[in-house]
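Only one structure is covered here, and it is reproduced in the block below.
Just so you know, all these numbers are worked out from the coordinates, no wet-lab data involved. Note that this is a predicted model, so its numbers are computed, not measured. We place every Cβ from the backbone using ideal geometry, glycine too, and count neighbours over all the protein chains shown.
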Amino acid sequence: MQCFFINKHTREEASEFAARIFEAAFWNGSGNVLVGTATGQTPVLTYKNMQRIFNEEYDGYEEEFEECIRFMQLDNYVSDDATAENLPEYSYQRELEESIWKIPHNAHFIPREYIDPEEECKHYEKVVEEQRNWADLYIQLLGIGDKDGHIGFNMPGTPLDAGVHIATLNEETIEANAKKFFNGDTSKVPKKAITMGIGNILQADVIVLEAFGSEKAEIIHKSFFEDMTEEVPASALRTYDGLLFVILDDESSSAIREKEGDDVFTNLDKYDVNQIILDNN
Ligand code: F6R
């Protein structure tokens with residue numbers, strides 16, 4: 001594995017940098033690019049930056065993108081009342097439609113929250129496999145659960161080689177998501193989700209993990225510098241054999257800087273990133 005820890009002062013700078021990694025992937029000339037998306041608060045600015053970069057810097061990019069970019073979402077809630085026409089109030093699908101799926105593309109995929117979950121898991125496993133085979137370059141964006149280190153909705157205890165499965169959200173995740181998306185009302189947070197497994201995620205050629213804010217500092221340290229264990233799902237990334245960028249701001253990097261020192265971090269600009277992506281293809 002080639003792993004770069006990047007520390008930018010603010011989440012704004014960090015998100016701009018992350019968007020440049022996707023830009024490099026889109027323009028590396030290696031053919032079909034599959035972008036694995038995550039939802040939640042962390043990637044919002046990164047998606048905005050991607051939109052801005054393409055609008056400002058790549059006049060006419062739509063035609064280039066039409067055939068060779070696809071998006072595949074990591075996970076989705078399971079919602080008993082939802083239908084295809086009537087999505088729930090807080091919907092990952094809507095969030096992606098309003099942000100990242102605006103970038104012209106040929107296709108996007110998300111686990112359907114309104115289909116029998118067992119059936120949908122089987123279906124989505126096939127989708128993941130087909131899209132992985134279609135892609136010449138598969139780049140996956142990840143966030144991380146504040147306290148427990150979940151990636152996608154792989155909760156602590158999930159086997160590190162799991163495929164697409166139904167996850168039961170733990171208390172910490174329900175509380176964190178209630179605060180972020182449901183005005184603190186835990187009763188409104190769905191209790192189950194369909195998620196790509198860690199085994200699916202580790203198939204990516206490039207992984208970009210973003211974590212911002214002081215509440216993520218300890219879990220980021222634990223994931224990369226303490227024991228690898230099913231209890232900290234993100235620690236599975238240490239077995240990853242692709243190209244990994246861990247992008248932090250001053251708050252989320254604080255525990256690593258205190259305990260491991262500043263040498264862990266690499267200073268890269270967008271030209272370095274282009275070169276690294278090219279070298280890895
Ligand atoms: C969402 C997802 C989750 C989030 C994680 C962090 O698609 O995959 O793993 O990345 O819960 O959420 P935020 O970014 O809201 O802190």
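Things worth noting here:
- In a reduced charge model with +1 at each Lys and Arg Cβ and -1 at each Asp and Glu Cβ, the range 1-70 shows a dipole moment near 520 debye about its Cα centre.
- Whichever lysines have a C-alpha closer than 19 Å to that of Lys270, once near sequence neighbours (fewer than 8 apart) are set aside: Lys8, Lys48
- The label point for Glu64 and the one for Lys102, both projected 7 Å from the Cα toward the Cβ, are 2.0 nm apart.
- Pair Ile166, Glu13: separation of 7 Å Cα→Cβ label points (nm): 4.6 nm
- Each residue of the range 214-223 is assigned a 3J(HN,Hα), and the resulting list reads 5, 5, 9, 4, 5, 5, 5, 4, 4, 5 Hz, derived from the Karplus form 6.51 cos²θ - 1.76 cosθ + 1.60 (θ = phi - 60°), x at Gly and Pro.
- For Gln73, the residues whose amide H sits under 5 Å from its own are Thr37, Phe109, Ile110, ignoring neighbours fewer than 5 places away on the same chain, with H placed 1.01 Å from N.
- For Asp136, residues with placed amide H under 5 Å, excluding near neighbours: Asn32, Val33, Leu34
- Listed values for the range 105-112 are Karplus-derived 3J(HN,Hα) couplings in whole Hz (6.51 cos²θ - 1.76 cosθ + 1.60, θ = phi - 60°), namely 7, 9, 7, 9, 9, 8, x, 7, and x replaces Gly and Pro.
- Of the Cα atoms belonging to the chain, the radius of gyration and Dmax stand at 17.8, 51 Å.
- Of all aspartates and glutamates in the structure, the ones whose alpha carbon falls short of 16 Å from that of Lys188, not counting any fewer than 8 places away in one chain, are Asp80, Asp81, Glu89, Glu113, Glu171, Glu172, Glu175.
- Cα centre as origin, Lys/Arg/Asp/Glu Cβ charges: the chain dipole, Debye: 220 debye
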